[in-house]
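A short worksheet on the structure shown next.
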Amino acid sequence: MYPHETPAMRLSLLLLVAAAAALSAAPAAAQMPPIIVPPPVIVGGGQQPQVPPVGIQQPAQPVAGAPGALSPEFYSQSCPRAERIIAEVMQSKQMANPTTAAGVLRVFFHDCFVSGCDASVLIASTQFEKSEHDAEINHSLPGDAFDAVVRAKLALELECPGVVSCADILALASRVLVTMTGGPRYPISLGRRDSLSSSPTAPDVELPHANYTVDHLIQLFTAKGFTVQELVALSGAHTLGFSHCKEFADRLYSFRDKGGKPEAFDPTMNPSLAKGLQAVCKDYLKDPTIAAFNDIMTPGKFDNMYFVNLERGLGLLSTDEELFLDPRTKPLVERYAANSTAFFDDFGRAMEKLSEYGVKTGAQGEVRRRCDAYNHGPVMPK
């Protein structure tokens, strides 16, 4: 059982829902009505935050062809219905819990960016061995996302036991859910092996934090072989999901400008949004589960609205808004805000590249029987 799914845990979320657009968009755009912030919606009893349903496409067709070391046809002979099975499970899960897509996408990024796309983030901690779950930055990963992968693994084990790796399940599930929520379909090569270790300390060092500067983000991504363009494109995944108040509270309370002058809130944030968030998040220290949607306009749809929101001062995290303020990233934000096709194309290429980062093949890993546990225990790095 994953720690996120302990029966005693009660998830209580107050979610900010905006009913209108920002005060204004780009200079050339027409004026829009102020944000209307209705009373927060309380979600309790372990429920996930509810987002407006969006059109869900039919599951993708299974790939076919000859097996290879790492290729889209890897399971064409050994488990030809693998992608269809994963798609069916994800479709059911997304319809029941509309935040599944955001959760799985976030888990996938947290997995790949640490030790490569090897399902190390899926390993559950035990009383004898800690894992990536123990890293502070991973404490907020939603249990619902892990459950989606577990369900897909169970279905695949019935169809073709011991064949499809958890790393491949997570990669395919991410693509399926991006597509289901309106995003692009991009190529995915298969044949990943699951990791033989999971570090409890690496995630806090290797993953970007909500208060990172653009300099820090660029350094982090460049060190892993990703460009500034890929950094901005991948950030567009924030069009789905939500963030906990503690991740952006420094923009709302006791904010000071670079000269140390106190401000009511971060002046780069739209005032209506800032005041609404101040009301919603006022008890976040008592209840760390309070959260708000990353994209207040279309929180359940994969689109380019995240970038449009940044132009309007509607970025939730400081790292989000910094992308619009920094001259190295601002042109890309403006390009994606104005051209959803350009964003989809670049996001798809960046996700394809991310999905192949640090993969394990052959004897470098294993195909786990359960995604949350090693087959024979962890192998300590030499």
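Structure notes:
- log₁₀ of I(q)/I(0) at q = 0.19, 0.25, 0.27 Å⁻¹ - region 76-155, Debye sum with one point per alpha carbon: -0.88, -1.22, -1.30
- Carbon and sulfur %, accessible surface of region 289-338 computed with the full protein complex present, 1.4 Å: 54
- For the peptides 119-128, 333-342, the ranking by packing is 119-128, 333-342, with the highest mean count of neighbouring Cβ atoms within 10 Å listed first.
- Take the Cα of T222, go 7 Å toward its beta carbon, and the backbone nitrogen atoms of region 314-330 under 17 Å from that spot belong to 323, 326-330.
- Accessible area per residue for region 200-248 is 39 Å², calculated with a 1.4 Å probe on protein heavy atoms, without ligands, DNA or RNA.
- List Y75, Y374, ordered by accessible area with a 1.4 Å probe, largest first: Y374, Y75
- Protein accessible area in region 185-249, 1.4 Å probe - carbon and sulfur %: 52
- Largest to smallest in accessible area, the residues M297, M269 fall in the order M297, M269 (1.4 Å probe, all protein chains included).
- Gyration tensor (alpha-carbon) shape descriptor, region 173-242, a/c threshold 1.5: oblate
- Above-threshold pairs, the threshold being 31 Å between Cα atoms, out of K130/K153; K153/K330; K224/K286; K261/K301; K224/K282; K93/K246: K153/K330; K224/K286; K261/K301; K224/K282
- Once Rg and the Kirkwood radius are both taken over the C-alpha atoms of region 263-382, their ratio Rg/Rh works out to 1.12.
- Listed values for region 87-93 are Karplus-derived 3J(HN,Hα) couplings in whole Hz (6.51 cos²θ - 1.76 cosθ + 1.60, θ = phi - 60°), namely 4, 5, 5, 5, 4, 5, 5, and x replaces Gly and Pro.
- Net +/- balance of residues flanking E263 in space, Cβ distance below 9 Å, scoring K and R +1, D and E -1: 0
- 11 Å tail of the calculated P(r), region 307-358, as % of Cα pairs: 69
- Under 14 Å, Cβ to Cβ, from P98 - net charge with Lys/Arg +1 and Asp/Glu -1: 0
- Region 101-224 has equivalent-ellipsoid semi-axes of 24, 19, 13 Å, by the square roots of 5 times the alpha carbon gyration tensor eigenvalues, sorted largest first.
- Average accessible area per residue (Å²) across region 323-378 - probe 1.4 Å, nucleic acids and ligands excluded: 49
The values are calculated or read from the model by the stated rules, or taken from the named source; none is laboratory data. None of the values given here were measured: they were computed from a predicted structure. Positions of Cβ are generated from backbone atoms using ideal geometry, with glycine treated the same way; all protein chains shown enter the neighbour counts. Heavy atoms of the whole protein, side chains included, go into the accessibility calculation; ligands, DNA and RNA do not. Shrake-Rupley method; radii C 1.70, N 1.55, O 1.52, S 1.80 Å.
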